[in-house]
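The values are calculated or read from the model by the stated rules, or taken from the named source; none is laboratory data. In this text the structure is predicted, and so the values were computed from the model without any measurement. No Cβ is skipped: glycine too gets one built from the backbone with ideal geometry, and neighbour counts run over all protein chains shown.
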Amino acid sequence: MCTVVIDVAPSPGEGARLLAVRDEDPDRPWDDLGQWWPDTHPGVVGIRDRRAGGAWLAADAAVGRLAVLLNRADVLGLPESDVRSRGSLALESVAGRSPEGPLPMHGFNLLEVTAQASRVLSWDGVELRETAVPAGVHMIAHDDLDDPGTARIDAWLPRFAASAGDGTPAGGWDERWVAVLAESASLSPEDDRAIVRDNRVHGYPTMSLLFCTAEVAPGSLQVSSRVLADPGHWG
């Protein structure tokens with residue numbers, strides 16, 4: 001039940017910046033931001049899932065591409081033995097190979113970001129849909145872009161949007177958004193409005209483990225990560 005906030009520049013081709021929070025089972029092994037795929041994806045940095053070998057977030061500065069993977073519900077009817085891991089999606093995306101349906105995978109939202117445009121590819125087990133991310137501030141989690149039925153989006157999208165346009169220098173956008181993220185953490189991590197989350201009460205073994213900030217601009221891509229010392233808790 002990850003969460004991404006993205007601000008797409010008002011003029012086409014000027015890029016986007018984002019804040020992405022990763023929720024995962026804390027007992028599932030993973031590696032922080034690094035170049036973990038030198039043989040197959042040289043130069044790509046990402047957050048690696050050790051078990052499947054794939055990436056939650058991947059970025060290639062040389063080509064100016066970034067991708068983030070979020071799980072979503074599906075109606076896939078395949079036996080688990082025939083289901084493929086979604087971990088390859090972000091890596092393939094930054095290599096210029098976006099998924100095409102049908103897919104033997106559980107549901108996902110794949111956010112693809114370049115300086116030219118951003119979009120979400122959504123798979124529900126039956127249909128692969130594309131949603132362009134328009135200019136401005138948006139959020140996505142386990143359902144559609146800016147879904148008002150997702151409690152954390154309904155609660156925090158206005159705050160992130162206001163922070164993005166508060167008149168302070170553009171270079172401080174990440175600190176402002178991290179401050180909003182910290183503000184959101186005043187909620188219990190079990191609250192459905194929380195962004196820093198403990199999802200076990202909702203029937204999932206996942207907790208917020210880290211967050212990344214990234215900016216994709218013409219000729220430039222920067223990404224950084226911060227690991228939470230205590231999964232599911234800000235402090």
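Points to keep in mind about this one:
- Within the stretch 176-235, being assigned to a loop (DSSP other than H, G, I, E, B), in contact with a strand residue (DSSP E or B) (Cβ under 7 Å, 6 or more places away or on another chain) and among the charged types (D, E, K, R) holds for Glu190, Arg197.
- Residues being over 18 Å from His142 (Cβ atoms), among the aliphatic types (A, V, I, L, M) and surrounded by fewer than 21 Cβ atoms within 10 Å (Cβ to Cβ) - total across the stretch 52-82: 5
- Taken as a whole, the structure leaves Val126 outside the set of residues that are among the β-branched types (Val, Ile, Thr), touching a Gly at 6+ places or on another chain (Cβ under 8 Å), outside any strand (DSSP E or B) and touching a residue at least 24 places away in the same chain (Cβ under 8 Å).
- Some residue of the stretch 162-170 being modelled with pLDDT under 95, more than 26 Å from Leu187 (Cα to Cα) and buried (at least 17 other Cβ atoms within 10 Å of the Cβ): no
- Any pair with Cβ under 6 angstrom, 6 or more apart, that starts in the stretch 1-23 at a residue that is part of a strand (DSSP E or B) and ends at one that is of a type in the set (Ser, Thr, Tyr) and buried (at least 24 other Cβ atoms within 10 Å of the Cβ): Val8/Ser118; Ala16/Ser118; Val21/Thr3; Val21/Ser208; Asp23/Ser208
- Subset of the stretch 85-100 that is assigned to a loop (DSSP other than H, G, I, E, B) and either touching a residue at least 12 places away in the same chain (Cβ under 8 Å) or in contact with a helix residue (DSSP H, G or I) (Cβ under 8 Å, 6 or more places away or on another chain) (or both) - its residue that is surrounded by the most Cβ atoms within 10 Å (Cβ to Cβ): Arg86
- Residue within the stretch 210-217 that is modelled with pLDDT of 95 or more, in contact with a helix residue (DSSP H, G or I) (Cβ under 9 Å, 6 or more places away or on another chain), of a type in the set (Ser, Thr, Tyr) and under 26 Å from Val94 (Cβ atoms) present: yes
- Looking across the stretch 40-71, the residues that are among the hydrophobic types (A, V, I, L, M, F, W, C) and closer than 16 Å to His106 by Cβ come down to Ala52, Trp56, Leu69, Leu70.
- Flag if Gly43 is more than 21 Å from Ala217 (Cα to Cα), free of Cβ contacts under 8 Å to residues at least 60 places away in the same chain and either of a type in the set (D, E, K, R) or not in a helix (DSSP H, G or I) (or both): no
- Filtered by the rule that a residue be of a type outside the set (Asp, Glu) and surrounded by fewer than 17 Cβ atoms within 10 Å (Cβ to Cβ), the stretch 27-45 gives Arg28, Pro29, Gly34, Gln35, Pro38, Thr40, Pro42, Gly43.
- Any chance Leu110 is crowded, with 17+ Cβ neighbours inside 10 Å, assigned to a strand (DSSP E or B) and aliphatic (A, V, I, L, M): yes
- Failed item in (1) out of contact with any helix residue (DSSP H, G or I) (no Cβ under 9 Å at 6 or more places or on another chain); (2) touching a residue at least 40 places away in the same chain (Cβ under 8 Å); (3) of a type in the set (A, V, I, L, M, F, W, C), with Trp36 passing the rest: (2)
- Condition check for Asp143: under 24 Å from Trp123 (Cα atoms), surrounded by 15 or more Cβ atoms within 10 Å (Cβ to Cβ) and among the charged types (D, E, K, R): yes
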